[in-house]
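The structure under discussion is supplied below as structure tokens; questions concerning it will follow.
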Amino acid sequence: MNIKNCEKKENNEAELLVEVTAEEFETAIGEAFRKNRNKISVPGFRKGKAPRKIIERMYGASVFHSDALDIILPGVVDFAVIESGLKIVGTPQITDVDIPEDNGGITVTINAAMFPEIELTQYRGLSAYKPEVKAEDSEIEAEVDAVRLRNARIETVERPAATGDIAIIDFEGFIDGEPFEGGKDGNYELELGSSSFIPGFEDGVAGMSAGDERDIDLVFPDEYAEHLAGKPVVFKVKLNEVREKQLPDLDDEFAKDVSEFDTLAEYKDSIKEKLLKKKQEDADVAFEGKLMDKIVDSMDTEIPDVMVEEQMDVSMQNFARQAASYGLDPASYLQLMNTTPEVFRESMRKSSLRQVKGMLALEKIAELEGIEVSDEDIENEYQEASVRFKMEVDKIKETVDAEQIAAELKMRRATKVITDNAVALDKEEDDADKTADKSEADKPAAKPRKTTAKKTAAEPAEEPATEAVAAEPEPGGDDAAPEAKPKKAPAKAAAKKPKPEAEDKE
């Protein structure tokens, strides 16, 4: 076997011509004959006893060629990859096999995608806007108010229902005098002001007292379910009970009840500290994203399609896993978004290309900076993940290998090189200096996350990262959280369709 020709083509692809000697092909044909002879019937011979020459004369000289190729071609591809010295990505594709009639050697044409050569114009000394983080008093008060609301006592009151109250109602809807499926419920707890029913319903309940009955004339919204959209409806409502949320007093006792602090002032200081920490983390991630955008935009590198396709596959796998973690069937979720798996996957192409470029850039920076990862570094990551997710280290090692952790650590440290040597601007750059408009999904790589084991049913809702870089847009968390499924009642407002954040926005 030898490589007859190796030609580099556009888009980091190469075409390899490999010659297989007649002796090598003959060996494969002999193996194919031994594999199949017991399956071939030849008059005058018992099964498996007919000589190869007799079988070839009867069925044709090429009768064993197909099986012989199946036997020899995997080795041809491996030989071509090793002997060419090319750094191949993806699986090389055999595009042609030339078998001469004289049963001599064969020539195999192989197309392979090459790992792209990365050239970075600059990754040190970049600049990007990074605001100073502040925690406003109004934000702290809003958090305190939210905690007070969660700790409110619910008391029955003898007065008309008002916004903020919980109205316990019986209701039934009628269209043209006829009840419709799903339009009836009893002792339903409706929080007035929550906008959980169609517009006008809650306003119609407001002002009613316990024991009151009322007809509420409304029209279903045009964007509602097709069989109800735009139709006039009459809801017969009876108010059984009015419940009021009674907030706890805002004092030191409240702070003791809801936190580990003894005073309200200390509790508010802790909220401020957490807000500042979260805002700083968000600002750091946004800063890194802007710097990575500049690096990716400056890269004049052709990325093989196979690398983008593989990243799209990873994105789809992440999407399916996250949807399942929320108890959603991925296909049903996509149907809810009025799209198909094929369209949804294709919508990830642009963002996947940027993610691949981002990962390649970080790998190149790690190489240029001589970033190394020790066995101790990897073990420390395992130990940290063990504590974080309350899992045995051995279990984590079963799902996340050391190479994965090493790659992630290198990229994390490469990212630090970029940010440590960047200039944080206190105001946005001029429009002329800004990168062309890009959606959040276009960012090349999110902040490299700490590697952990894959989630099991017993683990917390937070999804551990198993990829080295760049969490994919997923139907959970801040990317596109599916809204909680409302209690079935057509009177309620239509649930908004979850926004497919993974799609490239135009």
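Are there chymotrypsin sites (Phe, Trp or Tyr not before Pro) in the range 1-64 that DSSP puts in a loop and that have at most 10 other Cβ atoms within 10 Å, and which ones?
On the way: sites: PHE25, PHE33, PHE45, TYR59, PHE64; in loops: PHE45, PHE64.
Loop-located and lightly packed - none at all.
How long is the gain from GLU189 to ASP313 if the chain were fully straight, where each residue apart is worth 0.36 nm and the alpha carbon distance is subtracted? Intermediate values should be presented prior to the final figure.
Numbers: separation 124, 0.36 × 124 = 44.64 nm, distance 4.37 nm.
The GLU189-ASP313 span can extend by a further 40.3 nm.
Net charge around GLY370, counting only other residues with Cβ within less than 11 Å of its Cβ (Lys, Arg = +1; Asp, Glu = -1)?
With Lys, Arg at +1 and Asp, Glu at -1, the neighbours total -1.
Run the count for the range 2-114, please: Lys pairs, Cα-Cα under 24 angstrom, 8 or more apart or on different chains.
Taking the range 2-114 as the scope, the lysine pair count is 9.
Need the full-extension length gain, ASN151 to ALA22, defined as separation in residues times 0.36 nm minus the C-alpha distance. One decimal, nm. Kindly include the intermediate steps, with their values, before the conclusion.
Working: separation 129, 0.36 × 129 = 46.44 nm, distance 8.32 nm.
Full extension of this stretch gives 38.1 nm more.
Can you tell me the length gained on complete extension of the stretch ILE54 to LYS231, counting 0.36 nm per residue apart and subtracting the Cα distance? Numbers along the way, then the final one.
Numbers: separation 177, 0.36 × 177 = 63.72 nm, distance 8.12 nm.
Taking ILE54 through LYS231 to full extension adds about 55.6 nm, to one decimal.
Suppose every Lys and Arg Cβ carries +1 and every Asp and Glu Cβ carries -1, with no other charges. What dipole size does the range 2-114 come out with about its Cα centre, to the nearest 20 debye? All intermediate terms of the calculation are to be shown ahead of the outcome.
On the way: 14 positive and 18 negative charges, 201 e Å.
With only Lys, Arg, Asp and Glu charged at Cβ, the dipole is about 960 debye.
Which percent of the Cα-Cα distances in the range 182-260 go past 18 Å?
On the way: 1668 of 3081 pairs.
Tail of P(r) above 18 Å: 54 percent of Cα pairs.
Which order do PHE319, PHE344 fall in if you start with the one that has the fewest other Cβ atoms within 10 Å? It would help to have the intermediate numbers written out before the result.
Details: PHE319 26, PHE344 20.
The order, fewest Cβ neighbours first, is PHE344, PHE319.
Same structure, new question: ASN338 to GLU178: FRET efficiency via 1/(1 + (r/R0)^6), r the Cβ-Cβ distance, R0 35 Å, to the nearest 0.05? Could you put the intermediate results ahead of the total?
Working: r = 30 Å, r/R0 = 0.87.
Efficiency at R0 = 35 Å is approximately 0.70.
On to the next question. Enumerate by residue number the GluC sites (Glu not before Pro) in the range 278-325 meeting two conditions: DSSP loop (anything except H, G, I, E, B), and at most 14 other Cβ atoms within 10 Å of the site's Cβ. Before the final figure, lay out each step's value.
Working: sites: GLU281, GLU288, GLU302, GLU309, GLU310; in loops: GLU302.
Sparse-neighbourhood loop GluC sites (Glu not before Pro): GLU302.
Please list 3J(HN,Hα) in residue order for the range 57-64, calculated via the Karplus relation 6.51 cos²θ - 1.76 cosθ + 1.60 where θ = phi - 60°; whole Hz, with x for glycine and proline.
With the stated coefficients, the range 57-64 comes to 5, 7, 10, x, 5, 9, 4, 9 Hz.
Determine the shape class of the range 3-66: with a ≥ b ≥ c the square roots of the Cα gyration tensor eigenvalues, call it rounded for a/c under 1.5, and otherwise prolate if a/b is greater than b/c, oblate otherwise.
Values: a/c = 4.01, a/b = 3.43, b/c = 1.17.
It comes out prolate by the Cα gyration axes.
Based on other C-beta atoms within 10 Å, arrange LYS279, LYS364, LYS134 from fewest to most.
Arranged by neighbour count, lowest to highest, LYS279, LYS364, LYS134 become LYS134, LYS279, LYS364.
Select from the range 86-193 those GluC sites (Glu not before Pro) which occupy a DSSP coil region and have at most 15 other Cβ atoms within 10 Å, ordered by residue number. Intermediate values should be presented prior to the final figure.
Details: sites: GLU101, GLU117, GLU119, GLU132, GLU136, GLU139, GLU141, GLU143, GLU155, GLU158, GLU172, GLU181, GLU189, GLU191; in loops: GLU101, GLU117, GLU119, GLU132, GLU136, GLU158.
Counting only loop positions with at most 15 other Cβ atoms within 10 Å, the GluC sites (Glu not before Pro) in the range 86-193 are GLU101, GLU117, GLU119, GLU132, GLU136, GLU158.
SER127 to THR399: FRET efficiency via 1/(1 + (r/R0)^6), r the Cβ-Cβ distance, R0 51 Å, to the nearest 0.05? Display every interim value, and only then the final one.
Values: r = 40 Å, r/R0 = 0.78.
E between SER127 and THR399, to the nearest 0.05, is 0.80.
Given a cut-off of 26 Å, name the pairs among LYS184/LYS231; LYS279/LYS397; LYS134/LYS427; LYS134/LYS364; LYS130/LYS390; LYS274/LYS364 whose C-alpha atoms lie farther apart than that in the structure shown. Spell out each step's value before the answer.
Values: LYS184/LYS231 17 Å; LYS279/LYS397 33 Å; LYS134/LYS427 15 Å; LYS134/LYS364 36 Å; LYS130/LYS390 35 Å; LYS274/LYS364 36 Å.
Long pairs (Cα-Cα over 26 Å): LYS279/LYS397; LYS134/LYS364; LYS130/LYS390; LYS274/LYS364.
Give the shape of the range 2-114 as rounded, prolate or oblate, defined through the alpha-carbon gyration tensor: a ≥ b ≥ c are the square roots of its eigenvalues, a/c under 1.5 means rounded, and otherwise the shape is prolate if a/b is larger than b/c and oblate if not.
Numbers: a/c = 3.33, a/b = 2.75, b/c = 1.21.
Cα axes put the range 2-114 in the prolate bin.
Follow-up question, since we're still on this one. Mind sorting HIS65, HIS227 by how few other Cβ atoms lie within 10 Å of their own Cβ, fewest first?
Values: HIS65 18, HIS227 11.
Listed from fewest to most nearby Cβ atoms, that is HIS227, HIS65.
Read-outs: derived from the displayed coordinates by stated rules, not from any lab. Being a predicted model, the structure only gives us computed values, none of them experimental. Reconstructed Cβ throughout: ideal geometry from the backbone, glycine too, with neighbour counts over all protein chains shown.
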